[in-house]
1. Taking the residues in region 199-223 that are touching a helix residue (DSSP H, G or I) at 6+ places or on another chain (Cβ under 8 Å) and small (Gly, Ala, Ser) as candidates, determine which candidate is surrounded by the most Cβ atoms within 10 Å (Cβ to Cβ).
2. Return the residues of region 7-47 that are assigned to a loop (DSSP other than H, G, I, E, B) and within 22 Å of the chain's Cα centre (by Cα); say none if nothing qualifies.
3. If you scan region 250-274, which residues turn out to be assigned to a loop (DSSP other than H, G, I, E, B) and open to solvent by 50 Å² or more (accessible area, probe 1.4 Å)?
4. Looking only at region 166-175, which residues are open to solvent by 20 Å² or more (accessible area, probe 1.4 Å) and within 15 Å of GLN360 (Cβ to Cβ)?
5. Do we have any residue at all in region 349-366 that's in contact (Cβ under 8 Å) with a residue 24 or more places away in the chain, under 30 Å from THR280 (Cα atoms) and in a helix (DSSP H, G or I)?
6. Please enumerate the residues belonging to region 140-174 that are farther than 30 Å from TYR94 by Cβ and part of a loop (DSSP other than H, G, I, E, B).
7. Identify, from the list GLY389, GLY407, the residue that is assigned to a helix (DSSP H, G or I), in contact with a helix residue (DSSP H, G or I) (Cβ under 9 Å, 6 or more places away or on another chain), under 23 Å from GLY198 (Cα atoms) and open to solvent by less than 50 Å² (accessible area, probe 1.4 Å).
8. Can we say ILE83 is out of contact with any Ser or Thr (no Cβ under 9 Å at 6 or more places or on another chain), assigned to a helix (DSSP H, G or I) and within 16 Å of ILE125 (Cβ to Cβ)?
Amino acid sequence: MSAFAALAIFLVAFFFIATEKADKVKVVLIAAGLMAVLGLIPGAHVFYSEHEGIDWNVIFLLFGMMVIVGIIKRTGVFDYLAIWAAKKSRGRPYRLMVMLMAITAIASPVLDNVTTIMLVAPVTIVVCNRLRIPAQPYLIAEVLASNIGGAATLIGDPPNIIIGSRAGLTFNDFLVHMAPIVLIVFAVFVLFTRVLFGRSFQYHPEHVAEVMALEERRAITDPRLLVRCLVVLGLVIVGFGLHAIVHIDPSIVALVGAGVMMLVARADVSEVMNEVEWPTLVFFMGLFVMVAGLVHTGVIAAIGTWAVDVLGDDYFLAATALVFGSSVLGAFFDNIPYVATTAPIVEGVVAAAADPQTGQALWWAFALGADFGGNGTAVAASANVVALGIAARNGHKITFWQFTRYGIVVTVLSSLMAWIYVWLRYFT
């Protein structure tokens with residue numbers, strides 16, 4: 001009975017989020033509260049459980065990076081980069097989109113897709129404001145590119161870290177097995193965006209001429225502060241990259257970096273806190289609790305067990321189900337808690353495989369489905385939620401369906417390509 005109650009609360013909440021009939025923050029708070037009040041997840045688990053409830057690593061990573069980005073923004077560097085990008089693209093919409101997507105996709109495997117979006121999105125909004133064009137298509141394209149690019153490495157997408165830890169896969173393993181298909185999918189996506197976003201492209205010669213006449217170096221308002229901020233940001237990025245070696249969580253690195261950034265900038269704490277996207281953080285907390293209710297009551301485990309029973313020992317069918325099933329479920333349940341919950345089920349299936357190589361193929365099918373499924377809806381991945389929050393804060397609101405209608409198309413395309421890749425590489 002509790003499983004049905006948890007599923008009903010989740011589906012009703014998701015309906016209100018998708019249709020935007022109510023503010024999404026209010027919806028997730030009410031849904032999370034109901035999960036706890038009805039005992040569908042113990043109150044202690046909401047705050048203290050590693051596998052159920054709020055994922056504080058994600059929350060504090062976001063908080064720390066929001067503080068860092070908020071301080072860097074004061075130096076004028078985002079305006080500088082925006083003018084530079086607009087001049088390099090000569091204001092041509094498709095050329096500008098490709099440039100921004102390429103920057104995002106290249107940075108995402110090195111940082112992570114959430115951090116990348118938090119750095120690139122403000123630049124995108126400034127350049128679009130300069131050119132007097134809507135920022136929504138460019139932000140959506142960047143998020144989709146970020147989720148694709150982040151799939152290439154162990155640290156590029158949070159689900160990969162979970163899978164790597166559970167399966168014993170290294171950074172190099174991800175490069176060898178994931179990077180080739182990610183490059184292919186991204187190349188196809190870049191070509192496809194001309195069709196996907198073609199109707200949204202706008203070109204205003206008079207505004208382009210204004211931007212071309214600007215001197216981007218004058219946009220830097222505080223060069224000394226910029227140097228100090230870039231040094232701190234560089235150290236934070238190095239800290240992210242050393243995660244697998246020093247075993248310090250990215251959230252800790254981001255928090256320390258935020259504190260150091262405030263010190264070197266001599267920033268007023270109250271002013272910096274105004275730069276934090278508090279509604280986005282609260283939304284994530286509520287969403288984590290909603291999913292935890294499904295985990296604790298056994299809904300997601302039941303789905304996984306049923307899938308294992310149906311698949312039997314047909315491992316190609318299992319790989320197919322992991323690619324497409326993870327794309328669908330990851331899109332609705334947020335791919336971080338989905339992967340954390342489903343990984344033990346996949347581990348059981350892999351352990352039963354007679355051939356270790358076949359078992360490993362299932363992990364890659366799982367990773368590809370979960371990563372590419374992050375594009376499925378506006379709440380499917382952390383980067384999506386963060387981008388929508390930044391867009392709304394800067395007057396370029398992106399609705400749930402405005403994002404999702406593009407995300408579904410890209411998810412279907414990328415998942416199909418991933419399935420073909422898994423079939424050709426591991427089962428032929």
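1. Here the residue is ALA219.
2. Those that are assigned to a loop (DSSP other than H, G, I, E, B) and within 22 Å of the chain's Cα centre (by Cα): GLU20, ASP23.
3. ARG266, ASP268, ASN274
4. ARG166, ALA167, GLY168, THR170, ASN172, ASP173, LEU175
5. Yes, the conditions are met somewhere in region 349-366.
6. LEU154, ILE155, GLY168, LEU169, THR170
7. Result of the check over GLY389, GLY407: GLY407.
8. Against the criterion (out of contact with any Ser or Thr (no Cβ under 9 Å at 6 or more places or on another chain), assigned to a helix (DSSP H, G or I) and within 16 Å of ILE125 (Cβ to Cβ)), ILE83 qualifies.
The values are calculated or read from the model by the stated rules, or taken from the named source; none is laboratory data. The model shown is predicted, which means the values in this text are computed figures rather than measured ones. Glycine gets a Cβ as well: all are built from the backbone with ideal geometry, and neighbour counts include every protein chain shown. Ligands, DNA and RNA are excluded from the accessible area calculation, which covers all protein heavy atoms including side chains. Shrake-Rupley method; radii C 1.70, N 1.55, O 1.52, S 1.80 Å.
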